[in-house]
Amino acid sequence: ASGVSLVKAGVLTTCTHLPYAPFQAKDETGKVVGFDVALIDLVAAKLGVKQEIVDTPFEGIKSGSDLNAGKCDVAAAGMTITDERKQVLDFSAPYFDATQALAVLTGSQVKTLEELKGKRLGVQGGTTGEDYIKTQVKDKSLDIEVVSYKDLAALQQALATNQIAAAVNDLPVWNEYIRANPAKIVVAAGFDTGEQYGFAVKKGNAALLKTVDEALAAARSDGTYDKIYTNWIGE
Ligand code: ARG
């Protein structure tokens with residue numbers, strides 16, 4: 001059966017929120033590339049179509065509104081599978097394991113959330129990192145000013161320019177930043193949140209979800225997943 005009937009118009013449209021390297025970000029030529037992009041390219045190939053990326057705020061992705069409104073066929077945004085998101089989206093099998101991490105400028109002495117007393121801590125709006133930090137601050141009655149940024153670039157810029165004392169986001173994203181900007185920041189602490197990323201489709205789009213899962217499973221068994229992992233994440 002032709003896969004083209006599974007997607008709108010001969011293209012597989014992918015909603016994501018840029019930048020989120022190494023999962024999705026523009027290269028020097030302006031092309032969106034990354035770990036997620038490479039995996040969804042396999043889905044597009046299986047369907048016999050091309051992938052087209054739609055850059056849109058994370059809020060609309062994780063809330064289900066973009067997919068359920070037909071803005072995209074699939075979401076690939078380094079998105080953690082959560083019970084709340086499962087109410088509004090259907091997720092693929094997990095394709096990546098992640099945890100949260102606290103990044104500080106090189107030279108900062110901060111190693112724990114407690115040491116951020118009276119300081120500003122940056123997070124990315126709408127993310128699991130924001131949820132985790134807000135819960136920690138509340139549960140432990142921490143005296144920290146949590147500042148939410150609209151995207152990863154704004155968060156990283158705030159940290160690099162000392163607007164905030166530390167920033168929380170997914171560990172692989174900090175590792176990539178350090179790779180691209182050696183010696184600027186360090187990971188001061190990790191929080192073992194045990195997250196798993198999933199691709200998402202509109203609730204009820206079982207046919208497309210099956211194709212995504214089959215493409216993922218094939219990539220895992222034929223070594224393609226490992227190649228993509230090594231290429232974008234490292235050893
Ligand atoms: N993994 C985190 C979450 O699901 C952050 C994802 C942010 N992704 C992005 N493309 N901006 O909340």
Consider GLN87 carefully, then state whether it is surrounded by 15 or more Cβ atoms within 10 Å (Cβ to Cβ) and either out of contact with any Leu (no Cβ under 9 Å at 6 or more places or on another chain) or outside the structural domain of ALA154 (by TED's automatic domain parsing) (or both).
no
Quick test for you: out of THR106, THR99, THR128, pick the one residue that is surrounded by 18 or more Cβ atoms within 10 Å (Cβ to Cβ), of a type in the set (S, T, N, Q) and touching a strand residue (DSSP E or B) at 6+ places or on another chain (Cβ under 7 Å).
THR128
Could you list all residues from region 85-100 that are of a type outside the set (Ser, Thr, Tyr) and in contact (Cβ under 8 Å) with a residue 40 or more places away in the chain?
ARG85, VAL88, LEU89, ASP90, PHE91, ALA93, PRO94, PHE96, ASP97, ALA98, GLN100
Those residues that are within 16 Å of the ligand (Cβ to nearest atom) and part of a loop (DSSP other than H, G, I, E, B), I need them from region 110-130; list them, please.
GLY125, GLY126, THR127
Among the residues that make up region 184-207, is at least one of them hydrophobic (A, V, I, L, M, F, W, C), assigned to a strand (DSSP E or B), within 15 Å of the chain's Cα centre (by Cα) and on the phi < 0 side of the Ramachandran plot?
yes
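So that you can scan it fast, the table gives a plain yes or no per residue for (1) surrounded by 15 or more Cβ atoms within 10 Å (Cβ to Cβ); (2) within 30 Å of LEU116 (Cβ to Cβ):
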residue	(1), (2)
ASN162	no, yes
ALA180	no, yes
VAL187	no, yes
GLY194	no, yes
LEU209	yes, no
GLY223	no, no
TRP232	yes, no
Which of the residues that make up region 84-107 are more than 30 Å from LYS184 (Cβ to Cβ) and within 13 Å of the ligand (Cβ to nearest atom)?
GLU84, ARG85, LYS86, LEU89, PHE91, PRO94
Answer yes or no: is there a residue in region 174-185 that is within 13 Å of the ligand (Cβ to nearest atom) and under 19 Å from PHE58 (Cα atoms).
yes
Which one is farthest from the ligand (Cβ to nearest atom) among residues in region 16-52 that are polar (S, T, N, Q) and either buried (at least 20 other Cβ atoms within 10 Å of the Cβ) or in a helix (DSSP H, G or I) (or both)?
GLN51
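The values are calculated or read from the model by the stated rules, or taken from the named source; none is laboratory data. Computed from a predicted model, the values in this text were never measured in an experiment. With ideal geometry, Cβ positions are generated from the backbone for all residues, glycine too; neighbour counts draw on all protein chains shown.
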